[in-house]
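Below is one structure, written out as structure tokens, with a few remarks after it.
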Amino acid sequence: MIRQLIFMLVVLALLLFLNLGTANANGLQANTHNWKRSPQGTYYIAIPFESVSEIQLPKGIYVISAGGCKIFTKGIDIYNSLRIKVATYAQEISWCYDAQKITSLSRTRWGTVNFPIYQFNGHIGSTESGGKGQALYRAWTQGAFCEIAPGMGCVWNFYPWVDQYVFSDGSYWGNAGW
């Protein structure tokens, strides 16, 4: 029984070591400069993502040809060394524009966790500038997450952020990090 337990522990340690050395699925490059290590010894990497889509307006609503509406989502996924996504922090901006100004605008931001040993502790920072009637809108946000160790509480905090710009001509720009 003890030999089986030791064998399993050795196999698990070997798998973890190999995972760190070959973690290239889903864009998880094994560059040690990109990985962060928690005090508990767990390695993490953050991978930014984004999507943009056109909004189809209801019939009867017309926008001049230079205008339109879009949804721009930017965020960051946090993965552990086993390539498991443990958390996501993201922000979404929906806006309409007419080439001169932003005509309507909404913003949503959120954090999610995928395992019970992680916790989203809310938004800890927010900056907005420009907006409806302006040529641009900028929204920056930051969230707080925690890795929890049984009996010890929160042992490691990480603070991802998202920064987005949208413009009256329909263009956009964004960045995310931690």
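The values are calculated or read from the model by the stated rules, or taken from the named source; none is laboratory data. Quantities reported herein were computed from a predicted structural model and do not represent experimental measurements. Positions of Cβ are backbone-derived with ideal geometry, glycine not excepted, and every protein chain shown enters the neighbour counts. Only protein heavy atoms, including side chains, enter the accessible area calculation; ligands, DNA and RNA are left aside. Shrake-Rupley method; radii C 1.70, N 1.55, O 1.52, S 1.80 Å.
Quick notes on this one:
- Note on residue 167: accessible area approximately 60 square angstrom, rounded to 10, probe 1.4 Å, nucleic acids and ligands left out.
- Contour excess over end-to-end distance, with Cα ends at residue 132 and residue 100 and 0.36 nm allotted per residue: 10.4 nm
- With the whole protein complex present, residue 124 retains an accessible surface near 100 Å², based on a 1.4 Å probe.
- Local electrostatic count at residue 51 - Lys and Arg +1, Asp and Glu -1, tallied over other residues with Cβ under 12 Å: -1
- The range 100-114 - phi-based ³J(HN,Hα) in whole Hz, Karplus 6.51/-1.76/1.60, Gly and Pro as x: 9, 8, 7, 9, 8, 7, 8, 9, 9, 9, 7, x, 9, 10, 10
- Solvent exposure ordering (accessible area, 1.4 Å, most first) of 70, 101: 101, 70
- Karplus-derived 3J(HN,Hα), 6.51/-1.76/1.60, for each residue of the range 41-55, Hz, glycine and proline x: x, 7, 9, 9, 9, 10, 10, x, 9, 7, 8, 9, 9, 7, 9
- Each Cα pair under 8 Å and six or more residues apart adds its separation to the average, and for the range 76-178 the resulting relative contact order is 24 percent.
- Across the accessible surface of the range 61-178, with the other protein chains kept in place and a 1.4 Å probe, carbon and sulfur atoms take up 52 percent.
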